[in-house]
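The values are calculated or read from the model by the stated rules, or taken from the named source; none is laboratory data. Nothing here was measured: the structure is a model prediction, and the numbers come from that model. Positions of Cβ are generated from backbone atoms using ideal geometry, with glycine treated the same way; all protein chains shown enter the neighbour counts. Only protein heavy atoms, including side chains, enter the accessible area calculation; ligands, DNA and RNA are left aside. Shrake-Rupley method; radii C 1.70, N 1.55, O 1.52, S 1.80 Å.
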Amino acid sequence: MELTKDDRTLHERPPAPSPARRAAPWLVALGLVLTAFNLRPAISALGPVLAEVRDDLGMGGTVAGLLTSVPPLCFAVFGVAAPRLARRFGPAAVVLAGLAAVALGLALRSFAGNTAVFLATTALSLAGIAVGNVLMPVLVLRYFPDRVGSVTGLYSMAFALGAAGAAGLTIPFTEAAGGNWRNGLAVWAATAALALLPWLAVLAPARRRADGAVPAAPRPAREAQAAPPRMIRSRTAWALAGFFGLQATAAYITLGWAPQIFRDAGVSAGTAGLLLAVIMGLGAPLGFVLPRIATRLRHQGPLVLVLGGCGLAGYAGLWLAPAGGAWLWAVLLGIANCAFPVALTMIGMRARTPAGVARLSAFAQSTGYLLCVPGPLLVGTLNDMTGGWHVPLAFMTVLMLAQIAVGMAAGRDRCVEDGD
């Protein structure tokens, strides 16, 4: 791996300790938290006001339905470029640029006058999110190699808070701003712009020249000598990609269809929204705890099994008594959705260097998100064909069983550099 300018500087002339240098890791941690908070509002804020958006822009039902599959598709397409950009400019700089794209896309989306502009500006935001998705594990290993679980848990919690907050607060923001959906969505452009500030401080040239405040990647010599592994030949990488894709499929199906399942069972629209908030909100506390547990296990398979078991129990509940036990099923599905921070943690654990993590993260997430694209659409198609939810729930059960199987394989104590 070619060393960045910061890496070469540190390798040749270690900086003297200073208060600014000691504070820099916490500045990076703040940047990670604020970045994670802004990696889902572009998606989760749209659902509550989608009806108003469609009416205002004249958006057809087909296009509106495809919006559920556009995010993973964009994540797969744009995420592939993240490792190359990170090698050229450094991961922190690329994340900064990605956040700028998120903020700009969301701001322009609030002014969209037609469906084409709305989709184009949404795609711009999703492109920025895609590089953030891939490079977050890289930044964790780069700056916090001895605290992967704790820092991953911290930003996973922020990730869940951002997703749940956008889903729950967009309507109140819209009403407070005069009832216009454009104002409600524009708020999230402001939060993305706020997340730029820590990275601007971390990357400030004057600060780097003054005291080397930016913590450089550990063991630069090792990074320079290690040949980046080829993911396509690694069974571990494929297993992790499968696990990531299947857990993302389950999450997007739940996000898109769980409220409708509850409503079709007789639950009110308001209660269905609260149930979805419970499902998403559980990712905050559990997303903080589970990565720390995962890093203490030699094999993450048992954790994968527990989370998958909760998902299977939730699906069984939706089959048997969707309204009667709605709150319990929501809790179980929320726990199952916490496979996401576990997957992110495993990405950081299945490679030994930031270069390896970057390639593995891009491969696992891009391949996984491609696998995720048809899932939500198939669930909707099966519901239309059968007029009920039993067949879709059976399909979701098969996917969850597959998720457990590949997750057990991905959880083995192996690294992609081992050639397995």
Scan the stretch 380-400 and give yes if some residue there is within 26 Å of residue 132 (Cα to Cα) and either buried (at least 16 other Cβ atoms within 10 Å of the Cβ) or touching a strand residue (DSSP E or B) at 6+ places or on another chain (Cβ under 8 Å) (or both), otherwise no.
-> no
Taking the stretch 34-64 and keeping only residues that are open to solvent by 40 Å² or more (accessible area, probe 1.4 Å), modelled with pLDDT of 80 or more and of a type outside the set (Phe, Trp, Tyr), one is left with 34, 52, 54, 55, 56, 58
Of the conditions (1) modelled with pLDDT of 95 or more; (2) open to solvent by 30 Å² or more (accessible area, probe 1.4 Å); (3) under 28 Å from residue 295 (Cβ atoms), residue 310 fails just one. Which one is it?
-> (2)
May I ask you to say which residue of 255, 276, 318, 312 is touching a residue at least 24 places away in the same chain (Cβ under 8 Å), within 30 Å of residue 144 (Cβ to Cβ) and assigned to a helix (DSSP H, G or I)?
-> 255
Near pairs, Cβ below 9 angstrom, 6+ apart or cross-chain, from the stretch 185-202 (more than 21 Å from residue 91 (Cβ to Cβ)) to any residue that is of a type in the set (Phe, Trp, Tyr) and part of a helix (DSSP H, G or I) | 185/173; 186/173; 187/173; 188/173; 191/37
Residue 268 vs (1) polar (S, T, N, Q); (2) modelled with pLDDT under 85; (3) open to solvent by less than 10 Å² (accessible area, probe 1.4 Å): all pass except (3)
In the stretch 120-148, residue surrounded by the most Cβ atoms within 10 Å (Cβ to Cβ) [restricted to those that are β-branched (Val, Ile, Thr) and under 14 Å from the mean Cα position of the chain (by Cα)] | 134
Which listed residue is touching a residue at least 24 places away in the same chain (Cβ under 8 Å), more than 30 Å from residue 143 (Cβ to Cβ) and either part of a helix (DSSP H, G or I) or within 18 Å of the chain's Cα centre (by Cα) (or both), from 85, 39, 73, 34 | 73
Out of the residues in the stretch 65-119 that are among the aromatic types (Phe, Trp, Tyr) and farther than 19 Å from residue 31 by Cβ, state the one that is most open to solvent (accessible area, probe 1.4 Å).
-> 111
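Residues are listed down the side, and each one gets a yes or a no for (1) in a helix (DSSP H, G or I); (2) at pLDDT below 90; (3) farther than 24 Å from residue 366 by Cα:
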{"site": "95", "(1), (2), (3)": "yes, no, no"}
{"site": "101", "(1), (2), (3)": "yes, no, no"}
{"site": "111", "(1), (2), (3)": "no, no, yes"}
{"site": "117", "(1), (2), (3)": "yes, no, yes"}
{"site": "120", "(1), (2), (3)": "yes, no, no"}
{"site": "123", "(1), (2), (3)": "yes, no, no"}
{"site": "129", "(1), (2), (3)": "yes, no, no"}
{"site": "134", "(1), (2), (3)": "yes, yes, no"}
{"site": "138", "(1), (2), (3)": "yes, yes, no"}
List every residue pair whose Cβ atoms sit under 8 Å apart, with the two residues 6 or more apart in sequence or on different chains, where the first one lies in the stretch 126-150 and is more than 17 Å from residue 349 (Cβ to Cβ) and without any contact (Cβ under 8 Å) to a residue 12 or more places away in the chain and the second, anywhere, is of a type in the set (S, T, N, Q) and surrounded by fewer than 24 Cβ atoms within 10 Å (Cβ to Cβ).
-> none
Only unsatisfied item for residue 29, checking (1) under 27 Å from residue 185 (Cα atoms); (2) at pLDDT below 85; (3) open to solvent by less than 40 Å² (accessible area, probe 1.4 Å); (4) small (Gly, Ala, Ser), is (2)
Would you please name the residue that is farthest from residue 247 (Cα to Cα), looking only at residues in the stretch 301-355 that are out of contact with any Asp or Glu (no Cβ under 7 Å at 6 or more places or on another chain) and of a type in the set (S, T, N, Q)?
-> 345
